[in-house]
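Below you'll find the structure, written out as structure tokens, and then a few comments.
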Amino acid sequence: MKTWTKRTIAVCLLLALFLTAIPCASAKQYTDVTRSALPDYFDAINYVTDNGIMNGVSTSSFSPNEMVTRAMFITTLYRYAGSPSSFAAVSFTDISSSHYAYNAVKWGVKYNIVTGTTTTTFSPDEQVTREQAMTFLWRYLKNYVGGTPYYYGSISGCGDYSSIYDYARTPMYWAVSNAIIFASGSSKLLYPKAGVYRKELALWITRYGCNVDGIRFGKDNFGFLNSAGNFYSSTTGTKRPMITNYQYSILSYAATSAEMRDIDNMLNAKFQGGCF
């Protein structure tokens with residue numbers, strides 16, 4: 001099996017362990033979020049709820065199939081960052097100081113995570129696309145966290161690779177490499193121009209938190225110690241920790257059924273590079 005394939009599996013495994021450690025019983029109970037109705041998203045929605053990263057649209061509804069706007073996305077990322085008080089001066093005419101996303105936007109602009117759609121507008125109610133969302137996450141890692149993005153394999157073989165805007169190709173490559181998003185179907189499509197559902201945002205933030213950022217000590221509900229002693233790396237010079245064989249045993253909790261088939265293919269060495 002190729003080295004990059006092993007690494008890709010490893011980052012998937014981190015999510016597996018993390019999701020199984022999330023205590024769901026304490027989460028706010030929404031009438032439109034049940035494990036039977038949303039088996040692939042239920043734990044992630046519990047995670048973002050339990051940790052104050054996303055709120056419901058009401059006390060009883062999460063609206064998992066509502067589309068995410070630019071304001072929603074940057075607010076979610078801002079809360080994930082701990083709602084820091086470091087802001088840029090902005091003069092967007094379409095978002096006032098009373099807007100729920102105002103501080104999040106000022107924070108996002110300061111660290112070049114987001115920019116305005118023009119020099120004077122932010123377009124807070126415009127829907128975020130998948131390629132925009134991955135770009136914002138990638139910039140968060142680079143510009144705010146100061147982390148080093150890791151890349152494995154390639155996405156040039158994805159069926160809709162040519163439709164990804166130039167600015168988003170590296171972020172989308174990073175997102176696939178780190179098992180935040182997966183290519184779908186026999187054509188291995190990434191759907192870069194599609195919108196983002198709230199349930200997807202919850203899942204992606206959870207995957208980012210596990211696969212890239214690691215469990216945040218003192219902030220998150222977790223039951224696993226994310227330390228160097230729990231991992232190994234078989235690749236000389238690779239600083240990224242690898243999952244242990246024991247933790248591999250719960251891989252099946254990490255992915256949707258379609259993603260699980262892709263992971264099975266990787267395990268059987270059926271993927272020989274290209275888009276995965």
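The values are calculated or read from the model by the stated rules, or taken from the named source; none is laboratory data. Since we're looking at a predicted model, the values are computed, not measured. Positions of Cβ are backbone-derived with ideal geometry, glycine not excepted, and every protein chain shown enters the neighbour counts. Ligands, DNA and RNA are stripped out before the accessible areas are found, and what is left, the full protein with its side chains, is counted by its heavy atoms. Shrake-Rupley method; radii C 1.70, N 1.55, O 1.52, S 1.80 Å.
List of remarks:
- Selection status of LYS188, open to solvent by 10 Å² or more (accessible area, probe 1.4 Å), in contact with a Cys (Cβ under 6 Å, 6 or more places away or on another chain) and in contact (Cβ under 8 Å) with a residue 24 or more places away in the chain: yes
- Qualifying residue in region 143-154 (condition: on the phi > 0 side of the Ramachandran plot, touching a Phe, Trp or Tyr at 6+ places or on another chain (Cβ under 6 Å) and surrounded by 13 or more Cβ atoms within 10 Å (Cβ to Cβ)): yes
- Given (1) closer than 19 Å to LYS199 by Cα; (2) loosely packed, with under 15 Cβ neighbours inside 10 Å, number of the condition ARG130 does not satisfy: (2)
- Matching residues, region 205-214, being within 14 Å of SER177 (Cβ to Cβ) and under 8 Å from the mean Cα position of the chain (by Cα): ARG207, TYR208
- Criterion violated by PHE122 - all others in (1) touching a residue at least 40 places away in the same chain (Cβ under 8 Å); (2) in contact with a Leu (Cβ under 7 Å, 6 or more places away or on another chain) satisfied: (2)
- Residues located in region 89-113, provided they are open to solvent by less than 70 Å² (accessible area, probe 1.4 Å), out of contact with any Phe, Trp or Tyr (no Cβ under 6 Å at 6 or more places or on another chain) and under 13 Å from TYR144 (Cα atoms): GLY108, VAL109
- Filter result (of a type in the set (Val, Ile, Thr) and assigned to a helix (DSSP H, G or I)) within region 181-208: ILE205, THR206
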